[in-house]
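Down below is the structure, laid out as structure tokens.
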Amino acid sequence: MSQLEHFGSYEIIKADSLMDEILVAEAKRNIEESQSENTTLAYESDWLQFSNWCSSHGFASLPSNDDTICLYLTSLAMEGYKASTIHRKMSALITAHKDKGYDSPITQKVRRLMAGIRRRYGVKETGKKPLLVKDILSMLMEIPDSVKGRRDKALLLLGFAGAFRRSEIVSLDIEDIKLDQKGMVVHLKKSKTDQYGQGQSIGIPFGKNKDTCPVEAYKAWLQILNLQDGPIFRPINRHGQIQTKRLSDKAVALIVKDYARAAGLVESEYSGHSLRSGLATTAAMAGKDERSIMKQTRHTSVNMVRKYIRMGAIFIENAADDIGL
């Protein structure tokens, strides 16, 4: 092997033989798999934004230095970017430099600047509202009895009861779901918190009402789908014909927004994540404990689940309630 060949953001040794070509191809695949597709796309967008900013202000982007980084991060804060977003963009800069063999430009000066940004601009996350059971029931009332309606009903109820991320919903295949006497068992081959594909199984019990039961909704959709394997959720054209490809995760967000609007909710306040956060919040309101919520949502951060619990229990045993006002 000889000479370095650049591809993407990485440096790979150029192949001189067929065996070398196989090894190089496999090495490239392994490097590309080191990050999720969404993270890779976000980092590429972040790097392009930084490069353009440097170009417009007369600074070098690669390698950069801590003075330039401080000015850039300050400009992001002044433009209204959230602290978490700025932190991700900072991570993208670190990755870009290390991929090219440069030292990280994030020094103690930059870290002190970030601490100042958090204190001055705050770290509160606005986020989207969770969909509670009453919201889901209102949305179900707006679903038509059609091929698309059957798909959407199964998607909304399965996404809610399983506390699935939108990427997880669309990744499901028919063979990933096993029906059981108590409901259904969904096997997630891979997810955001399971990047190495160890897999996770989630139990979804039968609902008390057949018309709003996620298991019955899935069975009704599967009957229409009439397939033994392949993607569960697929696009449907205007003629009501089911397509062979997999539904995109962006389509999940659009479906949620469409039915939220139809149910009289403010669609801009909801997203695909509202199904997942909705289950966690609803469970907290119902008095479910931290452990059971984390088991269903597959959260690895206790702090995130406790945020849902605080919101769900905000009016439970409230000190300002029933004090004579």
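Read-outs throughout are calculated quantities, based only on the coordinates presented, and are distinct from any laboratory measurement. Please read these numbers as outputs of a predicted model, since none were measured by experiment. So basically every Cβ, Gly included, is an ideal-geometry build from the backbone, and we count neighbours across all protein chains shown.
Worth a mention:
- For the pair LYS219 and SER104, the difference between a 0.36 nm per residue extended length and the Cα-Cα distance amounts to 36.2 nm.
- Residue exposure sequence - LEU156, LEU48, LEU132 - by fewest surrounding Cβ within 10 Å: LEU48, LEU132, LEU156
- Built amide H within the under 5 Å cut-off of ASP180, gap 5+: VAL185
- Cut-off 11 Å between beta-carbons: net charge of the residues surrounding SER248, Lys and Arg +1, Asp and Glu -1: +4
- Residue order, fewest to most surrounding Cβ atoms within 10 angstrom, among TRP53, TRP47: TRP53, TRP47
- Taking the fewest neighbouring Cβ atoms within 10 Å as the starting point, the ordered list for MET294, MET90 is MET294, MET90.
- The residues packed around MET294, meaning those with a beta-carbon under 12 Å from its beta-carbon, carry a net charge of +3 if Lys and Arg are +1 and Asp and Glu are -1.
- For the cross-link pairs LYS98/LYS128; LYS178/LYS288; LYS153/LYS189, the ones whose C-alpha atoms lie over 28 Å apart are LYS98/LYS128.
- Placing +1 on each Lys and Arg Cβ and -1 on each Asp and Glu Cβ, with no other charges, gives region 133-312 a dipole about its Cα centre of roughly 300 debye.
- Under the Karplus curve 6.51 cos²θ - 1.76 cosθ + 1.60, θ = phi - 60°, whole-Hz ³J(HN,Hα) for region 201-207, x wherever Gly or Pro sits: 10, 10, x, 10, x, 4, x
- Placing +1 on each Lys and Arg Cβ and -1 on each Asp and Glu Cβ, with no other charges, gives region 35-121 a dipole about its Cα centre of roughly 500 debye.
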